[in-house]
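Peer 1: Dropping the structure in here first, questions after.
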Amino acid sequence: MEERVCVTGAGGFIASWVVKGVHDNQNFYCVSPLQRLHRKHDRLNKFENASENLKLFEADLLDYDSLRAAIEGCTGVLHVASPVPSSSIQNPEIELLDPAVTGTLNVLKACCEAKVKRVVYVSSISAIVMNPMWPKKRVKDETCWLDKEYCITTKNWYGLSKREAESGAVKLVNENGLDKVSICPALVFGPFLQPTVNASSLVLVKLIEGTYMRLVDDGNDSMPNKLRNIVDVRDVAAAVFLGYENPEAEERYICTAHAIKTCDLVVKLRSLYPNYSYPQNVVQMLHLELNLCDSLHGL
Ligand SMILES: NC(=O)c1ccc[n+]([C@@H]2O[C@H](COP(=O)([O-])OP(=O)(O)OC[C@H]3O[C@@H](n4cnc5c(N)ncnc54)[C@H](OP(=O)(O)O)[C@@H]3O)[C@@H](O)[C@H]2O)c1
């Protein structure tokens, strides 16, 4: 029997590649991408055989009935949608936490009702790394969870939204016996299929423009030389499929490929695109953030 898979947030950076991947396996899947707006549909409809294999639903994560309608009849759900802010936010509860947490619970409840066989949920290493209680010499792995109090103190609202959504999801699937796998990507770069610049790609744009800066103690703007864990968007899409198709997959998987300091990223960008105004001043990151990311190196 033909399988039907629903991809949430199909207009986004990662989900566009997931939809494309689902589509490239068209003997096996049809897709029901969820989007709030139809403005990005044209691009999805241009995939080969889209008219037969692709059915688009307009849905909001906070509108349960719209999700329920899209998920009905699906064997699997690849839940990618969640707000990813590209600038500071005014109201974390409304702009981030509610859509991420309630939205994820809505998707999973709809999956239970529709008797979906497996859900792959795209979480983030943001739901993992920031944990000052983690033993210093122990390499971080999938058993580590971001520390909620630390996040509130440091106003890391995005990390908190991903942590709360993922831990809420774990509770719901345990209570309802739903089969769920989480993929936790590092910072995702790669080619766009979508027409707009998403938040992680904006990091590269800001480096090229020389605007990726932070005011430091001496009053100057400087580029923080963070260690970044990065992964290609196509590898994230592949990881989502592995999570979906491999019956042995379970719980959560960190999805990362390289660790690179921001300065080395600038060297690479400058060699590819020399005619831009890259940041001049650099500040080394010696605090917790770097140490925590360091411990992910090599995973
Ligand atoms: N990019 C990264 O570096 C990275 C790393 C780790 C994890 N992730 C996770 O990967 C997922 C996708 O991120 P991305 O980088 O592809 O970002 P993106 O391009 O901004 O995609 C996010 C998608 O979520 C949708 N969305 C947000 N709020 C929604 C709501 N209330 N109802 C329905 N859809 C909603 C957006 O729809 P609209 O287009 O209509 O706003 C968009 O399609 C997110 O869960 C993110 O946390 C991303």
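Peer 1: Could you list VAL181, VAL5 so that the one with the fewest beta carbons within 10 Å of its beta carbon is first and the one with the most is last? Numbers along the way, then the final one.
Peer 2: Details: VAL181 20, VAL5 24.
Listing VAL181, VAL5 from fewest to most nearby Cβ atoms yields VAL181, VAL5.
Peer 1: Which order do LYS136, LYS171 fall in if you start with the one that has the fewest other Cβ atoms within 10 Å? Working shown, then result.
Peer 2: Values: LYS136 8, LYS171 12.
Sorted ascending by nearby Cβ count, the order is LYS136, LYS171.
Peer 1: For the chain, restrict the atom set to alpha-carbon positions and state the Rg and Dmax in Å.
Peer 2: Using the Cα atoms of the chain, the pair Rg, Dmax is 19.4, 65 Å.
Peer 1: Enumerate the amide H contacts of CYS30 below 5 Å, restricted to partners 5 or more residues apart or on another chain; note that Pro and chain-start residues carry no placed amide H.
Peer 2: Result for CYS30 returns GLU3, ARG4, VAL5.
Peer 1: Related question: Please report, in Å, the Rg and the Dmax of the range 81-168, where both are computed over Cα atoms only.
Peer 2: Taking only Cα atoms of the range 81-168, I get Rg and Dmax of 14.2, 44 Å.
Peer 1: While we're on this one: Need the C-alpha centroid separation for the range 167-184 versus the range 234-257, integer Å.
Peer 2: So the separation of the two Cα centres works out to 15 Å.
Peer 1: Averaged across orientations, what area in nm² does the convex hull of the alpha carbons in the range 174-216 project? Please report the intermediate quantities before stating the final value.
Peer 2: On the way: hull surface 25.0 nm².
Over every viewing direction, the Cα hull of the range 174-216 projects on average to 6.3 nm².
Peer 1: Treating only the Cα positions of the range 1-120 as identical point scatterers, give the base-10 log of I(q)/I(0) from the Debye formula at each q in 0.11 Å⁻¹.
Peer 2: Per q value, in the given order, log10 I(q)/I(0) is -0.34.
Peer 1: Can you compute the radius of gyration and Dmax for the range 61-121, using only the Cα atoms, both in Å?
Peer 2: Final numbers for Rg and Dmax: 12.7, 39 Å.
Peer 1: While we're looking at this one, here's another question. Which percent, nearest 5, of DSSP beta bridges in the range 123-270 are antiparallel?
Peer 2: 45 percent
Peer 1: On to the next question. Provide HIS79, HIS23 in ascending order of the number of other Cβ atoms located within 10 Å of each residue's Cβ, fewest first.
Peer 2: Values: HIS79 29, HIS23 19.
Ordered by Cβ neighbours within 10 Å, fewest first: HIS23, HIS79.
Peer 1: Then there's this: Among LEU269, TRP17, ALA249, which residue has its Cα positioned farthest towards the positive end of the charge dipole of the chain, with +1 placed on the Cβ of Lys and Arg, -1 on the Cβ of Asp and Glu, and the dipole taken about the Cα centre?
Peer 2: Value computed over the given set: LEU269.
Peer 1: Then there's this: Along the charge dipole of the chain, Cβ charges K/R +1 and D/E -1, which of CYS30, SER201, MET223 sits furthest on the positive end?
Peer 2: MET223
Peer 1: Any chance you could list P(r) for the range 226-276, counting all Cα-Cα pairs in 10 angstrom bins from zero, rounded to whole %?
Peer 2: Going from the shortest bin to the longest, the percentages are 21, 35, 25, 15, 3.
Peer 1: Can you compute the charge dipole magnitude of the chain about its Cα centre, using +1 on each Lys and Arg Cβ and -1 on each Asp and Glu Cβ, nothing else charged? Give it in debye, rounded to the nearest 20. Write down the numbers at each step before the final one.
Peer 2: Details: 32 positive and 36 negative charges, 105 e Å.
Its charge dipole is roughly 500 debye.
Peer 1: For the range 150-269, just list the percent of Cα-Cα distances falling in each 10 Å bin from zero outward, please.
Peer 2: 11, 31, 35, 17, 5, 1
Coordinate-derived values only; no laboratory data. All figures in this text were calculated on a predicted structure; none of them were measured in a lab. Using ideal geometry, Cβ is built from the backbone for each residue, glycine included, and neighbour counts are taken over all protein chains shown.
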